[in-house]
1. With respect to ARG62, is the statement that it is of a type in the set (Lys, Arg) and over 16 Å from the mean Cα position of the chain (by Cα) true?
2. Would you kindly identify the helices (runs of 4 or more DSSP H) lying entirely within the stretch 60-179 that contain at least 2 residues that are on the phi < 0 side of the Ramachandran plot, in contact with a Phe, Trp or Tyr (Cβ under 6 Å, 6 or more places away or on another chain) and free of Cβ contacts under 8 Å to residues at least 24 places away in the same chain?
3. Would you mind finding the one in GLU149, GLU118 that is acidic (Asp, Glu), within 19 Å of ALA43 (Cα to Cα) and not assigned by TED's automatic domain parsing to the domain that holds TYR21?
4. Could you say which residue among ALA45, ALA88 is within 19 Å of LYS119 (Cβ to Cβ), in contact with a Lys or Arg (Cβ under 8 Å, 6 or more places away or on another chain) and of a type in the set (A, V, I, L, M)?
5. Residue under question is LEU55, and the condition is that it be touching a strand residue (DSSP E or B) at 6+ places or on another chain (Cβ under 8 Å), under 30 Å from ARG6 (Cα atoms), in contact (Cβ under 8 Å) with a residue 24 or more places away in the chain and assigned by TED's automatic domain parsing to the domain that holds LYS173; does it hold?
6. Filter the stretch 42-56 down to the residues that are assigned to a strand (DSSP E or B) and surrounded by fewer than 22 Cβ atoms within 10 Å (Cβ to Cβ) and list them by number.
7. Looking at the stretch 92-146 only, could you name the residues that are in contact with a Lys or Arg (Cβ under 8 Å, 6 or more places away or on another chain), of a type in the set (D, E, K, R) and surrounded by fewer than 16 Cβ atoms within 10 Å (Cβ to Cβ)?
Amino acid sequence: MEEFKRLSRDLVQRGAIIDYYQDTIQVPNGNIVKWDFIKHNGAAAVVPVDDQGKLVMVRQYRNALDRYTLEIPAGGLDGPDEPTKDAAARELTEETGYTAEKLEFLLSVRTTVAFCNEKIDIYVATGLKPGKQHLDEDEYVDVKAYDLEELVQKILTGEIQDSKTVSAILAYKEKYVNR
C-alpha cells in the first residue's frame with residue numbers, strides 16, 4: 001500500500017461547531033502538498049416513527065444552502081464523549097417535542113470524507129410521546145409526519161438532498177420495511 005505521511009496539522013480557524021486546519025502531507029511520490037481538514041466532534045440523528053408508521057421530519061432554514069430543507073432531527077454532540085444515543089434522544093425532544101420509548105441504532109454515516117471527519121450515528125425512535133419543543137434561540141423548526149414512500153419520492157426527485165436524511169430513510173426502508 002502506498003504511504004501518505006502527515007508532516008504537520010496547523011489550526012487556521014476555530015469555529016463554534018468545527019475547527020479548520022491545513023495539513024501538510026507527503027504523498028507517495030515524495031511531493032509535499034497542502035490539504036484542508038475540518039474537525040468535527042460528531043453528531044447524532046434520529047428517524048422518529050409514529051404509531052401510524054409515518055416518519056416525523058423537521059423543516060428548517062439552512063444558511064449554507066440559503067433555503068429550507070426537510071430533514072430528520074439531528075444535532076451535534078455536546079462533547080466528544082457524549083454517547084450518541086443520548087444526543088439522539090435530546091435532539092428528538094428539542095426539535096420535535098417527542099420522547100421515545102425505544103431508540104435503536106440504524107447506521108453511521110461520514111458526511112464528507114474528502115475533507116471532514118464528521119460522523120453521525122443515526123437511530124430509529126419508536127413509541128413516540130408528544131411533548132414540547134425546546135429550540136435553541138436561533139432555531140425555527142416546523143414538524144410534520146410523512147409516509148415513507150412520499151419521502152423516498154422526495155429523495156428521488158432531489159427535493160431531499162441532505163446526506164444523513166437520504167441515508168437514514170433508505171436504510172430504514174431496507175431494514176424495517178423491505179425485510
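1. On the way: of a type in the set (Lys, Arg): yes; over 16 Å from the mean Cα position of the chain (by Cα): no.
So ARG62 does not fit the description; no.
2. Working: elements: 84-96, 148-156, 163-172.
Fully inside the stretch 60-179 and qualifying: nothing.
3. The conditions single out GLU118.
4. On the way: ALA88 fails: in contact with a Lys or Arg (Cβ under 8 Å, 6 or more places away or on another chain).
So the residue among ALA45, ALA88 that is within 19 Å of LYS119 (Cβ to Cβ), in contact with a Lys or Arg (Cβ under 8 Å, 6 or more places away or on another chain) and of a type in the set (A, V, I, L, M) is ALA45.
5. Considered against the rule, which asks whether it is touching a strand residue (DSSP E or B) at 6+ places or on another chain (Cβ under 8 Å), under 30 Å from ARG6 (Cα atoms), in contact (Cβ under 8 Å) with a residue 24 or more places away in the chain and assigned by TED's automatic domain parsing to the domain that holds LYS173, LEU55 comes out as no.
6. VAL49
7. GLU101, ARG110, ASP142, LYS144 - these are the residues of the stretch 92-146 that are in contact with a Lys or Arg (Cβ under 8 Å, 6 or more places away or on another chain), of a type in the set (D, E, K, R) and surrounded by fewer than 16 Cβ atoms within 10 Å (Cβ to Cβ).
For every residue, the table says whether it meets (1) farther than 28 Å from GLY97 by Cβ; (2) among the charged types (D, E, K, R).
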residue: GLU3; (1), (2): yes, yes
residue: ASN29; (1), (2): yes, no
residue: ILE38; (1), (2): yes, no
residue: VAL46; (1), (2): no, no
residue: GLY53; (1), (2): no, no
residue: LEU70; (1), (2): no, no
residue: GLY76; (1), (2): no, no
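The values are calculated or read from the model by the stated rules, or taken from the named source; none is laboratory data. This structure is a prediction, so every number in the text was calculated from the model and none was measured. Backbone-built Cβ (ideal geometry, glycine too); neighbour counts: all protein chains shown.
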